Amino acid sequence: MTAEPSASDQESRRKTRPLDALVEEFLRHPYYSRNIAHVERMPARPARFGDWPATIRPELRAALAARGVERPFSHQGEAIAHALAGRNVVVVTPTASGKTVCYNVPVIQSILEEESARALYLFPTKALSHDQYGELYEVTKACGRDIRVYTYDGDTPPATRRTLRDNGHIVVTNPDMLHCGILPHHTRWIRLFENLKYVVVDELHQYRGVFGSHLANVFRRFNRLCEFYGANPTFICSSATIANPSELASELTQRDYSLVGESGAPQGERVFVFYNPPVVNRELNVRKSARLEATRLASRFIARGHQTIVFGPSRVSIEVMTTYLKRFMTRLHRDPNRIAGYRSGYLPSERRRIEGGVKSGDILGVVSTNALELGIDIGGLDVSILAGWPGTIASAWQQAGRAGRKAAASLSIYIGGNSPLDQFLMNQPGYFFGRSPEHAIVNPDNLTVYASHVKCGAFELPFADGEAFGAAEPAPVLQVLEDERVVKHSGGRWHYSEDSYPAENVGLRMGVNQNFVILDTGNGNRVLGEVDYSAAPFLLHEHAIYIHNAVTYYVEKLEWERRTAYVRQRTVDYYTDAESSSNIQVLSIDQEIEGGEDDPMAARRFGDVSVATVVAKFKKVKFETHESIGYGEVGVPQLEVQTEATWFAFRESLRAEAKAAGHEPASAIHGTAHLLRILVPVHVMCDPRDIGVAGMLRSPHDQKPVIYVWDRFGGGIGLARRLFSMERAVLKAALDVTKTCPCEGGCPGCVGPSLDSGEGAKEAARWLLERMAR
């Protein structure tokens with residue numbers, strides 16, 4: 001048996017080698033090569049150029065040439081021509097293809113032509129806004145004209161806010177500030193609205209699900225104000241590769257778009273490896289942890305001086321892998337501060353320091369959630385490692401694209417975890433490399449989302465009788481708000497009548513604008529970070545271990561009503577992982593497809609449900625070995641939500657039929673539910689945490705077997721609805737997993753461990769899925 005490479009073996013070869021030689025060494029290594037499921041080689045691609053439109057000002061051309069942009073790539077030239085002609089345009093090209101030029105050039109050109117012109121830039125995160133501000137500032141400065149560029153976010157000082165409102169040519173902000181800082185105070189932004197020529201929406205693909213549904217309504221409010229002030233700006237959107245970019249842009253902004261989808265940017269040679277960790281338990285087909293393998297692979301490249309980024313699926317996984325890599329650097333007698341974690345919850349100053357360190361090369365290895373998936377400029381990295389499936393094909397390509405920027409050669413490694421989807425992709429890589437990208441879904445007419453923005457819109461500008469708000473008529477919502485004394489109808493208009501400020505109570509990203517603050521009691525109650533509402537029961541319950549940049553903190557107290565957690569640094573050899581359960585009640589059935597005579601399902605249904613989720617216990621997981629070393633109780637309030645669901649209602653006879661075929665009916669139900677929990681997100685393009693799945697042998701609704709799949713956000717955002725329209729494809733994918741997984745009776749890579757899904761769950765789920773997917 002070939003020995004696994006040791007840290008001392010790595011230490012003995014610390015001298016940096018060219019990346020291409022290191023890649024070939026990795027592919028041929030006797031230990032690593034046996035775990036490689038697939039190698040995709042993408043050859044280098046030369047640049048294809050276009051031409052600048054004849055109207056581009058010479059000072060702008062000179063500024064771009066000074067930054068190395070003498071001619072536009074073909075997609076840049078095409079997009080700029082659309083924008084200058086007043087056509088809304090969406091640009092869909094890979095990471096590092098120069099999308100910023102597509103919107104910077106027409107915006108700056110308009111200001112050079114007309115000094116009063118204004119532009120609004122929207123980026124999904126504050127960090128990306130600050131990063132893009134630097135690039136934009138340098139270009140405008142080089143033009144030799146007084147073009148004033150400002151960022152507008154929660155950190156902007158009051159004096160600067162007054163200046164940028166009156167004098168800013170380009171305002172760089174994020175959707176949250178547009179929602180609660182600009183629209184409610186539009187009378188202070190008259191100069192911006194009256195002279196608005198362009199709106200830039202970057203990272204369009206990020207605006208899906210809850211966030212996208214809210215943003216579509218923010219733009220409905222924005223459009224009302226633009227019409228009020230006589231503005232009709234041109235929209236320039238950019239996106240990673242998704243199946244419906246023009247449709248998504250139209251749904252978000254209520255405008256038609258021209259599509260630019262063929263990139264002319266050069267691309268260096270890319271090697272993309274699918275790596276399946278070795279099996280450590282043959283009977284259960286349990287593989288070595290993707291976290292551990294990601295750490296070991298990253299260590300290999302970092303030790304040789306190649307800058308590496310590791311992406312993980314959760315905050316806990318990021319902190320665990322950061323801890324391992326810092327320990328590795330210490331064992332090599334090298335500076336552990338050259339390793340950094342990066343995720344939401346870190347303070348802005350801390351994130352910017354890390355971004356700068358990666359870009360300068362001071363930080364050699366960074367471990368991140370999808371926070372660094374976006375276009376923040378962190379320079380050109382050599383290696384990107386994906387520790388488990390990131391949720392969507394678009395996200396996987398975005399994360400892989402963080403290596404090899406600016407046409408340099410690169411290596412990307414996707415490490416399969418024990419989940420069904422990971423193992424499905426390891427066995428069928430063509431599903432990833434050959435499949436069309438997913439559709440991004442939004443549901444701006446979700447009643448909860450819609451009503452909250454009708455209230456905000458009324459605050460900003462009274463609604464006239466008969467006025468539309470999106471595709472729907474807001475009158476029924478306004479009538480309810482009048483009953484609640486929020487608005488008052490007078491003179492054919494609906495006027496806001498409350499003293500409160502509605503936008504501050506509407507969170508765009510999670511639906512509840514109530515983040516939890518984390519205070520370090522061992523350091524004078526210093527603010528350590530923050531956690532969103534839905535994650536708090538899992539991460540900040542009392543006795544939890546909260547990890548921040550590889551430092552472990554013990555949660556001493558959680559004050560739920562005050563949204564505050566008190567922690568103290570404590571050195572431990574474990575982390576905590578909370579577990580939840582859900583109770584479901586059917587409220588209404590909106591759509592129903594009855595099953596045929598041979599169908600095990602009585603019906604496939606879509607409708608409204610009430611879901612109560614309880615986080616009841618947590619387990620302690622030992623670092624390095626990942627073994628469970630103890631359990632504890634969690635005492636946090638139950639989370640309740642009314643939402644949309646698709647469910648598969650089985651016939652009462654399923655129990656007898658399963659037993660007659662030699663299968664346990666509970667194993668069939670729970671094994672199938674386990675598969676759907678992982679496979680549904682990739683088909684409907686959402687984060688796995690956006691949906692819930694539960695299998696029941698006896699449903700409280702009708703006492704029959706059932707599998708529920710629901711949106712976790714109140715009112716639903718279209719995920720369950722999308723599943724209802726494409727459930728056959730998902731069921732067939734689940735069936736394929738049961739056929740391709742090499743385990744005997746079930747494992748985490750297919751239907752789950754037998755302790756969770758029951759004995760014989762794999763065969764039982766296959767039997768059930770063969771009948772469901774017909």
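The values are calculated or read from the model by the stated rules, or taken from the named source; none is laboratory data. Keep in mind it's a predicted model, so treat the numbers as computed, not measured. Using ideal geometry, Cβ is built from the backbone for each residue, glycine included, and neighbour counts are taken over all protein chains shown. Remember, those area values only see protein heavy atoms, side chains included, never the ligands or the DNA or RNA. Shrake-Rupley method; radii C 1.70, N 1.55, O 1.52, S 1.80 Å.
Brief remarks follow.
- Pairing residues of segment 80-91 that are closer than 12 Å to T55 by Cα with residues that are open to solvent by less than 10 Å² (accessible area, probe 1.4 Å), at Cβ distances under 7 Å and at least 6 apart in sequence or on separate chains, gives I80/P72; I80/C102; I80/V105; I80/P106; L84/P106; L84/Q109.
- Listed by first and then second residue, the pairs linking a residue in segment 584-596 that is surrounded by 13 or more Cβ atoms within 10 Å (Cβ to Cβ) to a residue that is outside any strand (DSSP E or B), with Cβ atoms under 6 Å apart and 6 or more places separating them unless they lie on different chains, are V586/H701.
- Residue within segment 468-482 that is in contact with a Lys or Arg (Cβ under 9 Å, 6 or more places away or on another chain), on the phi < 0 side of the Ramachandran plot, open to solvent by less than 30 Å² (accessible area, probe 1.4 Å) and not in a helix (DSSP H, G or I) present: yes
- Checklist (1) hydrophobic (A, V, I, L, M, F, W, C); (2) farther than 24 Å from N427 by Cβ; (3) surrounded by fewer than 21 Cβ atoms within 10 Å (Cβ to Cβ) applied to F713, failing item: (3)
- Within segment 437-455, considering residues that are part of a loop (DSSP other than H, G, I, E, B) and open to solvent by less than 10 Å² (accessible area, probe 1.4 Å), the one farthest from N217 (Cα to Cα): E438
- Looking across segment 17-70, the residues that are over 23 Å from A265 (Cα atoms), assigned to a loop (DSSP other than H, G, I, E, B) and in contact with a Pro (Cβ under 9 Å, 6 or more places away or on another chain) come down to H29, Y31, Y32.
- Meets criteria (part of a helix (DSSP H, G or I), farther than 21 Å from L84 by Cα, of a type outside the set (A, V, I, L, M) and open to solvent by 10 Å² or more (accessible area, probe 1.4 Å)) for Y133: yes
- Any chance E597 is farther than 30 Å from T323 by Cβ and assigned to a helix (DSSP H, G or I): no
- Count of residues meeting criterion [open to solvent by less than 10 Å² (accessible area, probe 1.4 Å) and part of a helix (DSSP H, G or I)] in segment 81-125: 10
- Hits in segment 392-433 (condition: small (G, A, S), surrounded by fewer than 21 Cβ atoms within 10 Å (Cβ to Cβ) and at positive phi): A407
- Residues being without any contact (Cβ under 8 Å) to a residue 40 or more places away in the chain, part of a strand (DSSP E or B) and open to solvent by 10 Å² or more (accessible area, probe 1.4 Å) - total across segment 553-578: 5
- Output for segment 45-68, where each listed residue is surrounded by 16 or more Cβ atoms within 10 Å (Cβ to Cβ) and hydrophobic (A, V, I, L, M, F, W, C): W52, I56, L60, A63, L64
- Sole exception among (1) touching a helix residue (DSSP H, G or I) at 6+ places or on another chain (Cβ under 9 Å); (2) assigned to a loop (DSSP other than H, G, I, E, B) for Q703, by number: (1)
- Residue check: S33 meets all listed conditions (1) touching a helix residue (DSSP H, G or I) at 6+ places or on another chain (Cβ under 9 Å); (2) open to solvent by 40 Å² or more (accessible area, probe 1.4 Å); (3) closer than 30 Å to E135 by Cα; (4) of a type in the set (G, A, S) but one, namely (3).
- Pairing residues of segment 181-195 that are more than 12 Å from Y229 (Cβ to Cβ) with residues that are assigned to a loop (DSSP other than H, G, I, E, B) and open to solvent by 20 Å² or more (accessible area, probe 1.4 Å), at Cβ distances under 8 Å and at least 6 apart in sequence or on separate chains, gives P184/Y501.
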